[in-house]
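To keep things clear, I will list the structure first and then write my remarks on it.
The values are calculated or read from the model by the stated rules, or taken from the named source; none is laboratory data. These numbers were taken from a predicted model, which means no experiment stands behind them. Positions of Cβ are generated from backbone atoms using ideal geometry, with glycine treated the same way; all protein chains shown enter the neighbour counts.
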Amino acid sequence: MNSPVTPLIRPDELRLLKEYITEVFGLVVDKNNEGLFTKRLFSRLEGLGLATFADYYAYLKFAPRRNEEHKRLLSLITNNETYFFREEPQLRVLAEAVLPALKEQKMRCGERKLRIVSAGCSSGEEVYTLAMIAIESGCFLWDWDVEIQGVDIDHQIIERARNGIYAGRAFQTTPDHYLDRYFRKCDEGFKVKEILTRITRFTEGNLLQLEQIVEEQSADIIFCRNVLIYFDDESIKRGVHAFAKVLRPEGHLFLGHSESLSRITSNYIPMRFPGAIIYKKRD
Ligand SMILES: C[S@@+](CC[C@H](N)C(=O)[O-])C[C@H]1O[C@@H](n2cnc3c(N)ncnc32)[C@H](O)[C@@H]1O
């Protein structure tokens, strides 16, 4: 994006590229962002030595190395904004209502396994937040098998998540207690401690095919916050359908506060709490 001038793209080229991105990744390029989108794509035309956007479209669809190009493209068009302890009212519902109820239910059937998935986890702050909450809840200590898995389509951001080093804005809403207990200082900022890395893992992948990444009917809870706002309705349906496959019966789904399933599907029951709505998979 060195050039201040928006490169010329034919309307049919723009439409094809936008449709392709929605079909494959679920993401919708907003009309207001088309200029920026075109500039970013143009940097890839230059990188690959292609003459037109139509050539780039053909490259994305047919080139033998298209998977690598998908990764580069995604890193340019995804919004990775995130931070620890984002949307606190939902996290309170998780800590005070959902986790204790899950523990009780699992104890009754003699199961000591907790699986949480963060779909669209970005650089990992959400995953480590969920790990801290699970530990602090005191519900899943000792011989419990706990795993919080982050999934994101952007391979660069997944590498950052695995690195687990954070600074500045990532901690904008992090209480000091958590910083002291779960992080150690390093040259670049703060690195997550082993107490968190041993119960978390990160996988590069597309949430539209979550069942190819996470075992079917295995997840107790899925977090997918501030991701579906970038999707069209059809892609949201595909996403929540994939979640339903991966969730256990009556598993919980947490969406971002501005994301709702009311127009989308009746496969989930909304549960209202102060400041938060969460969804339960219908049996
Ligand atoms: C704005 S961040 C949200 C991060 C975190 N969930 C939160 O609420 O703070 C959105 C993330 O969703 C990821 N994403 C977008 N489309 C995706 C898809 N189809 N599959 C998996 N991840 C996707 C992006 O790469 C980005 O990192």
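Miscellaneous remarks
- Within segment 236-283, strands (runs of 3 or more DSSP E) holding 2 or more residues that are β-branched (V, I, T): 276-281
- When segment 132-156 is limited to residues that are assigned to a loop (DSSP other than H, G, I, E, B) and away from the ligand (no atom under 11 Å from the Cβ), the one that is nearest to T82 (Cα to Cα) turns out to be S137.
- Residue check for T129: in a loop (DSSP other than H, G, I, E, B) and either among the polar types (S, T, N, Q) or more than 10 Å from the ligand (Cβ to nearest atom) (or both): no
- Among the residues of segment 58-115, those that are part of a loop (DSSP other than H, G, I, E, B) and more than 23 Å from the chain's Cα centre (by Cα) comprise A63, P64, R65, C109, G110, E111, R112.
- Test result for R162, touching a residue at least 60 places away in the same chain (Cβ under 8 Å), charged (D, E, K, R) and assigned to a helix (DSSP H, G or I): no
- Filter result for R108 (at pLDDT below 95 and either within 29 Å of I229 (Cβ to Cβ) or assigned by TED's automatic domain parsing to the domain that holds N163 (or both)): yes
- Of all the residues in segment 128-158, those that are under 14 Å from the mean Cα position of the chain (by Cα) and acidic (D, E) number 2.
- Single unsatisfied condition, L50 versus (1) in a helix (DSSP H, G or I); (2) over 19 Å from H155 (Cα atoms): (1)
- Residue within segment 11-30 that is farther than 17 Å from E234 by Cβ and either in a loop (DSSP other than H, G, I, E, B) or in contact (Cβ under 8 Å) with a residue 60 or more places away in the chain (or both) present: no
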